[in-house]
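See below for the structure under consideration.
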Amino acid sequence: MTKSFFTLILLSVVLISCKCQKTDTVSKLDGNWELNYVSGPRIAFEGLYPNKKPTINFNTKESHVSGNNSCNSFNGKLVVDGNKIDFTQPMAVTKMMCMDGKGEQLFMSTLQKVTSYDITDDGKTLNFISGDIAMMRFTKK
């Protein structure tokens, strides 16, 4: 009986420590990030976003994501599980007229393809990944 009790305590400690580690990884998302790379286009990054770089803001406690796609603001529900992230949920987006070209559409369509994320450089760099391909890179603001 004592052996079972100690086994139960050990299992509880392991489960609690695993949950804390997962929460810490997700909480590193919190805050404001600025885009500095997007894959795919043949247009230079500066040409896509000549006036304003897109930003994204995470609030993991409220399960909320918001930001600016270089012209219009967006916000919606944040869906995160470990390092998996899902931007396929509908988002509210403002409808201002934008003259900057295709950067806005590229940003929003690329978000839809993202399946996971990775935070590197001591929490300063956020990478959005689809499969094993880096799709977008942000720096912490």
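Before moving on, here are some points about what is shown:
- Links that overshoot a 21 Å alpha carbon limit, given the list LYS28/LYS84; LYS28/LYS77; LYS53/LYS95; LYS102/LYS124: LYS102/LYS124
- The loop-placed GluC sites (Glu not before Pro) in segment 42-141, going by DSSP, that have at most 15 neighbouring Cβ atoms within 10 Å of their Cβ come out as GLU62.
- When you count the other C-beta atoms within 10 angstrom of each residue and take the mean per peptide, 109-115, 121-127 line up highest first as 109-115, 121-127.
- Element breakdown for segment 42-122 at a 1.4 angstrom probe: carbon and sulfur atoms account for 50% of the accessible area.
The values are calculated or read from the model by the stated rules, or taken from the named source; none is laboratory data. This is a predicted model, so every value here is computed, not measured. In this analysis, Cβ positions are derived from the backbone assuming ideal geometry, glycine residues included, and neighbour counts consider all displayed protein chains. Heads up: the accessible areas ignore ligands, DNA and RNA and are worked out on the full protein's heavy atoms, side chains in. Shrake-Rupley method; radii C 1.70, N 1.55, O 1.52, S 1.80 Å.
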